[in-house]
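Below is one structure, written out as structure tokens, with a few remarks after it.
The values are calculated or read from the model by the stated rules, or taken from the named source; none is laboratory data. All figures in this text were calculated on a predicted structure; none of them were measured in a lab. Because the Cβ atoms are built from the backbone with ideal geometry, glycine has one as well, and the counts that use them run over all protein chains shown. Just so you know, the surface numbers come from the protein's heavy atoms only, side chains and all, with ligands and any DNA or RNA stripped out. Shrake-Rupley method; radii C 1.70, N 1.55, O 1.52, S 1.80 Å.
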Amino acid sequence: ASSASAMLDFSVPAGERASLPSQQRVAIVTGSFDQTIDGVALTLNRLAAHLLRRGHAVLVLCPGAPGRPLALRPAARVVRVPSVPLPVWSEYRLTWGLGRSAARALADFSPSVIHVAVPDAMGSAALHWARRRGIPALCSHHTRWGAYLDYYPSLPARYPLRRL
């Protein structure tokens, strides 16, 4: 049993990281990582911790609410993407792309692969960024957004959900 003040900790101490030179430089682009505890955040933190323990470098791009406390201690370095709260799910954030500082951080990181785990403007911008530079990208889908629409009658019945 853990206390209410205990925080999930996915951080990987330097002593647990492989001492090999980084094999891959993995950028993860996600809408949920460290300010909300949900299946996506838990899955991607486990992935990042696994990659770090195997000697890979990891950078995470995700939106975040200024001043909002972390819900868990993240496994990897996080770069925030400009965003606003979603009107229906205020704990989640809406982006309009990567933003200049996140795009600069991504370029400085020089990823060998990009993992996009969010089907929104940020994910689409990351895919375009990777394609323009010839960097391989993969996408994973962790949430069935269409399944939620019946629970929110204020949204139009045919609310457009864009595929990557």
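Numbers for the structure displayed
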item: Residues that are surrounded by 18 or more Cβ atoms within 10 Å (Cβ to Cβ), among the aliphatic types (A, V, I, L, M) and touching a helix residue (DSSP H, G or I) at 6+ places or on another chain (Cβ under 7 Å), drawn from the range 14-71; result: Val26, Ala27, Ile28, Val29, Val58, Leu59, Val60, Leu61
item: Residue count, the range 60-90 (criterion: under 20 Å from Leu8 (Cβ atoms) and hydrophobic (A, V, I, L, M, F, W, C)); result: 9
item: Within the range 87-105, considering residues that are open to solvent by 40 Å² or more (accessible area, probe 1.4 Å), under 15 Å from Thr30 (Cα atoms) and among the hydrophobic types (A, V, I, L, M, F, W, C), the one modelled with the lowest pLDDT; result: Leu94
item: Among (1) surrounded by fewer than 14 Cβ atoms within 10 Å (Cβ to Cβ); (2) out of contact with any Phe, Trp or Tyr (no Cβ under 8 Å at 6 or more places or on another chain); (3) within 26 Å of Leu8 (Cα to Cα) - the single one His115 does not satisfy; result: (1)
item: Where Ala41 falls short, out of the listed (1) closer than 23 Å to Leu138 by Cα; (2) in contact with a strand residue (DSSP E or B) (Cβ under 9 Å, 6 or more places away or on another chain); (3) without any contact (Cβ under 8 Å) to a residue 24 or more places away in the chain; result: (3)
